[in-house]
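Everything on this sheet refers to the single structure shown next.
The values are calculated or read from the model by the stated rules, or taken from the named source; none is laboratory data. None of the values given here were measured: they were computed from a predicted structure. Positions of Cβ are generated from backbone atoms using ideal geometry, with glycine treated the same way; all protein chains shown enter the neighbour counts.
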Amino acid sequence: MKSIIIDDEQDSRETLQNYVAKYCPDVSIVAECANIIEAEKALSAHQPDFVFLDIEMPYGNAFDLLDKLKKIDFEIIFVTAFNQYAVQAFNLSAAHYLQKPVDIDELVQAVDKVKKRLEANHDINHSKILMDNLSALNTQHQKVVLPLMDGFMVVKLQEIVYCEAQDNFTCFYLTDGQKPLICRKLKFYENTLSQHGFCRVHRSFMINLEYVKRYIKGKGGTVIMTNGKEIQVANARKQDFLGRMG
């Protein structure tokens, strides 16, 4: 796989190149760039399979570079020192990222994910989804990439009414009536979506607080969603739910 390193710090470029040479034998670094002007030329000349792209650089950041390109036909591993909210945007978008200082194990895992995605040849622009998410941090205008057996599904958070755990899967109940079954546990989405208006109210259910229509008191109580679904609130989660509802 051909790759380009785009980072304004020479030490960071050298360190990453050494790591790739030693731990990622499938990757060949064909160019290094210190800013987006050099990067734009290198991308055109080398047509890499993927790039290591630093977020903040002189003469414009990573997203300024992506905005300049007519087509993003390569995978991206972002290199970032962003805060947790931004990292959640990366997770929602299913985008690859490494946090500085780069960890070798995380580097190997990120490159392996890129390789698998290139082999699968899925036609989905994770970078565009990521840019949308970063421009709407901590709001329900963000999008989540849901992995399906035959590809991916992209939905806005505001389109999710609630999620239900089904063994090692999670079923998403959407506003348009679709019910995609995703091969990930509900715990993963609880960690990812809890900062975006979602609340785990039961071992089996996480709800979008925007779609709570009514709450009925009880030991834990019952929530009635706008689509008519009644969901039991576990007693242990009652105070957290009521606190989130204000």
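From the list 172, 188, which residue is assigned to a strand (DSSP E or B), hydrophobic (A, V, I, L, M, F, W, C), outside the structural domain of residue 121 (by TED's automatic domain parsing) and within 30 Å of residue 121 (Cβ to Cβ)? First the steps, then the outcome.
Working: 188 fails: assigned to a strand (DSSP E or B).
Step by step, each of 172, 188 is checked, and only 172 is assigned to a strand (DSSP E or B), hydrophobic (A, V, I, L, M, F, W, C), outside the structural domain of residue 121 (by TED's automatic domain parsing) and within 30 Å of residue 121 (Cβ to Cβ).
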Scanning segment 225-243 for residues that are closer than 26 Å to residue 178 by Cβ and surrounded by 15 or more Cβ atoms within 10 Å (Cβ to Cβ) gives 225, 229, 231, 232, 233, 241
Could you tell me whether any residue of segment 118-141 is under 14 Å from the mean Cα position of the chain (by Cα), closer than 24 Å to residue 181 by Cα and modelled with pLDDT of 75 or more?
no
So residue 79, is it under 18 Å from the mean Cα position of the chain (by Cα) and either outside the structural domain of residue 198 (by TED's automatic domain parsing) or modelled with pLDDT under 90 (or both): yes
Checked against (1) in a loop (DSSP other than H, G, I, E, B); (2) free of Cβ contacts under 8 Å to residues at least 24 places away in the same chain; (3) polar (S, T, N, Q), residue 227 satisfies every condition except (2)
Within segment 9-35, the residues that are within 12 Å of residue 111 (Cβ to Cβ) and in contact (Cβ under 8 Å) with a residue 60 or more places away in the chain are 16, 19, 20, 23, 24, 26, 27
Considering residues that are over 22 Å from residue 118 (Cβ atoms) and of a type outside the set (S, T, N, Q), the number found within segment 1-39 is 9
With the first residue restricted to segment 175-192 and required to be free of Cβ contacts under 8 Å to residues at least 40 places away in the same chain and loosely packed, with under 12 Cβ neighbours inside 10 Å, and the second required to be among the polar types (S, T, N, Q) and assigned to a loop (DSSP other than H, G, I, E, B), Cβ contacts under 9 Å at 6 or more apart or on different chains are 177/227; 183/168
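Is it the case that residue 53 is assigned to a strand (DSSP E or B) and buried (at least 21 other Cβ atoms within 10 Å of the Cβ)?
On the way: assigned to a strand (DSSP E or B): yes; buried (at least 21 other Cβ atoms within 10 Å of the Cβ): yes.
Taking the combined requirement at face value, the residue satisfies it.
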- Assess whether residue 106 counts as being within 16 Å of residue 51 (Cα to Cα), modelled with pLDDT of 85 or more, in contact with a helix residue (DSSP H, G or I) (Cβ under 6 Å, 6 or more places away or on another chain) and of a type outside the set (A, V, I, L, M). no
Pairs returned, first residue in segment 36-53 that is free of Cβ contacts under 8 Å to residues at least 40 places away in the same chain, second residue that is crowded, with 21+ Cβ neighbours inside 10 Å and part of a helix (DSSP H, G or I), beta-carbon separation under 6 angstrom, 6 or more apart or interchain, are 36/65; 39/65
Selection over segment 1-44 where residues are of a type in the set (D, E, K, R) and either buried (at least 16 other Cβ atoms within 10 Å of the Cβ) or in contact with a Lys or Arg (Cβ under 7 Å, 6 or more places away or on another chain) (or both) yields a count of 7
Review point. Does residue 154 qualify as being touching a Leu at 6+ places or on another chain (Cβ under 6 Å), at pLDDT below 95, farther than 30 Å from residue 15 by Cα and assigned to a strand (DSSP E or B)?
Key: no
